[in-house]
Amino acid sequence: MTPDISLTANPLAALSHPDGVACCRHALHGPGFYFEATLGSWVAVTADAVREVLASPLCQVRPRHEPVPAALQSHELGQWFARLLRQRDDDWQSRHKPAVAAALAAVDLPAVHAACRSAATAARPGSGADLDALALSLPLGCMAELLGLAAGALDTHERQLQTLLAALRPEATPGMVSAGEAALRPLLGWVVQAAATPLSSALREALPDDASRTANILGLLVQTREATAALIAMLWHRLAGDAALRAQLSADTAHFPAWLTEVLRDEPPVQLTRRYVVVDGDIGGQQVRAGDGVLVWLATANLDAATHQLAFGAGRHRCPGAALAQTMAAAVAEASLDWTLDWPALLAAARLQPSANARWYCFSQWGRSV
């Protein structure tokens with residue numbers, strides 16, 4: 001399919017375009033870093049531009065004048081948000097992020113793969129809605145187990161997480177923020193009661209302050225649930241559209257790592273991230289000013305021949321759980337090859353969910369029993 005050239009200057013529209021990969025390839029023929037007036041934002045497209053923005057001291061993850069979203073500032077939600085490593089660019093973040101990343105890197109990935117594959121094999125979803133739910137619940141359950149969190153009320157906590165996430169969206173109403181605040185308290189209480197595991201013990205050393213550790217463990221759960229679910233859904237969509245691929249992977253699962261790397265290169269589920277200029281300066285040969293926003297188009301940079309994989313970002317805010325997310329997603333995809341799925345029907349039912357940064361497929365319109 002020939003991409004709509006108007007998408008070159010609109011990475012947000014590319015998220016829901018039927019051929020997002022073609023749109024990204026087309027965008028690479030344009031400028032590497034430019035200001036898009038219709039979005040009111042700079043856009044970083046090429047690998048060099050993306051890496052420069054993500055490494056630049058001129059840019060941060062939050063606007064300088066609003067380290068906490070205005071709607072959350074008078075709420076307990078705002079206090080939790082302010083403690084998150086992924087929302088900070090200060091000395092505290094620089095000191096503690098490497099230790100948190102090291103704790104996650106030390107997780108026993110083969111054990112995680114085995115546990116996730118076993119859970120997914122047993123699940124055998126009977127509808128598209130079941131698939132969508134499994135993509136969210138299985139990574140959350142796996143992460144909760146690694147953290148020593150009680151699994152007895154996992155369904156309740158998953159609903160609370162969903163309410164919390166709704167409160168963080170820019171379009172959240174005061175009522176949604178209040179509901180998110182109410183959901184936050186039992187979630188923090190759940191995290192506080194974590195049993196000792198290798199990961200929870202490592203995080204206790206990485207983040208000695210109780211409030212900061214509790215906030216960031218909850219942040220890990222939030223991040224794991226959403227990002228890994230989108231990756232699982234992307235793998236299902238790729239499998240549904242390629243019978244030869246399904247046969248190859250079923251015959252020899254040793255091909256999975258290379259295939260997963262290919263998917264993440266061509267169509268990473270998280271396609272965009274954002275940065276905010278906090279000091280006037282130069283990026284990509286352009287003068288940027290404090291207060292400017294930057295859309296960082298990870299998906300185009302990933303396709304740039306000059307890059308290594310940027311699906312999980314780069315620099316000081318690179319996702320620390322990249323290997324863990326890939327392990328969980330691969331395990332679920334492997335298990336799904338043993339299910340009796342009508343893959344062509346699943347492909348026909350796939351729809352992209354509205355999103356500000358991801359290509360996230362849902363399959364709820366597929367309702368046949370399996």
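Structure values in brief
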| item | result |
| --- | --- |
| Qualifying residue in the range 189-203 (condition: open to solvent by less than 40 Å² (accessible area, probe 1.4 Å), at pLDDT below 95 and either within 20 Å of ARG159 (Cα to Cα) or among the hydroxyl-bearing types (Ser, Thr, Tyr) (or both)) | yes |
| Strands (runs of 3 or more DSSP E) (entirely within the range 255-370) containing at least 3 residues that are touching a helix residue (DSSP H, G or I) at 6+ places or on another chain (Cβ under 9 Å) and either over 15 Å from ARG238 (Cβ atoms) or open to solvent by less than 60 Å² (accessible area, probe 1.4 Å) (or both) | 272-277, 293-297 |
| Residue that is open to solvent by less than 30 Å² (accessible area, probe 1.4 Å), over 21 Å from ALA356 (Cα atoms) and in contact (Cβ under 8 Å) with a residue 60 or more places away in the chain, where the choices are ALA172, ALA144, ALA129 | ALA144 |
| Pair list, Cβ under 8 Å, 6 or more apart: the range 205-224 residue surrounded by fewer than 21 Cβ atoms within 10 Å (Cβ to Cβ), other residue not in a helix (DSSP H, G or I) and not polar (S, T, N, Q) | ALA211/ARG83; SER212/ARG83; GLY219/LEU84; GLN223/CYS319; GLN223/GLY321 |
| Selection status of ALA22, touching a Pro at 6+ places or on another chain (Cβ under 7 Å) and open to solvent by less than 30 Å² (accessible area, probe 1.4 Å) | yes |
| Any hit, the range 78-90, residues being of a type outside the set (Lys, Arg), surrounded by fewer than 14 Cβ atoms within 10 Å (Cβ to Cβ) and under 28 Å from LEU324 (Cα atoms) | yes |
| Residue in the range 198-211 that is in a loop (DSSP other than H, G, I, E, B) and touching a Lys or Arg at 6+ places or on another chain (Cβ under 7 Å) present | yes |
| Residue list for the range 170-197, restricted to those being touching a Ser or Thr at 6+ places or on another chain (Cβ under 7 Å) and either closer than 15 Å to TRP80 by Cβ or assigned to a helix (DSSP H, G or I) (or both) | ALA179, GLY180, ALA183, LEU188, VAL191, VAL192 |
| Complete set of residues in the range 214-245 that are of a type in the set (Asp, Glu) and assigned to a helix (DSSP H, G or I) | GLU226 |
| Residue check for ALA229: open to solvent by less than 50 Å² (accessible area, probe 1.4 Å), within 19 Å of the chain's Cα centre (by Cα) and in contact (Cβ under 8 Å) with a residue 24 or more places away in the chain | yes |
| Whichever residue in the range 147-169 is charged (D, E, K, R) and farther than 20 Å from ARG83 by Cβ and, among such residues, is least open to solvent (accessible area, probe 1.4 Å) | GLU158 |
| Given (1) more than 21 Å from the chain's Cα centre (by Cα); (2) at pLDDT below 95; (3) under 27 Å from TRP360 (Cα atoms), number of the condition ALA150 does not satisfy | (3) |
| Condition met for ALA135 (crowded, with 18+ Cβ neighbours inside 10 Å and at pLDDT below 95) | no |
| Those helices (runs of 4 or more DSSP H) lying entirely in the range 1-119 with at least 2 residues touching a Lys or Arg at 6+ places or on another chain (Cβ under 9 Å) | 47-55, 76-82, 91-105 |
| Criterion (loosely packed, with under 15 Cβ neighbours inside 10 Å and under 23 Å from the mean Cα position of the chain (by Cα)) met by exactly one of GLU52, GLU66 | GLU66 |
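The values are calculated or read from the model by the stated rules, or taken from the named source; none is laboratory data. Everything numeric in this text was worked out from a predicted model, so none of it was measured. Backbone-built Cβ (ideal geometry, glycine too); neighbour counts: all protein chains shown. Protein only, heavy atoms only, side chains kept; ligands, DNA and RNA dropped before computing areas. Shrake-Rupley method; radii C 1.70, N 1.55, O 1.52, S 1.80 Å.
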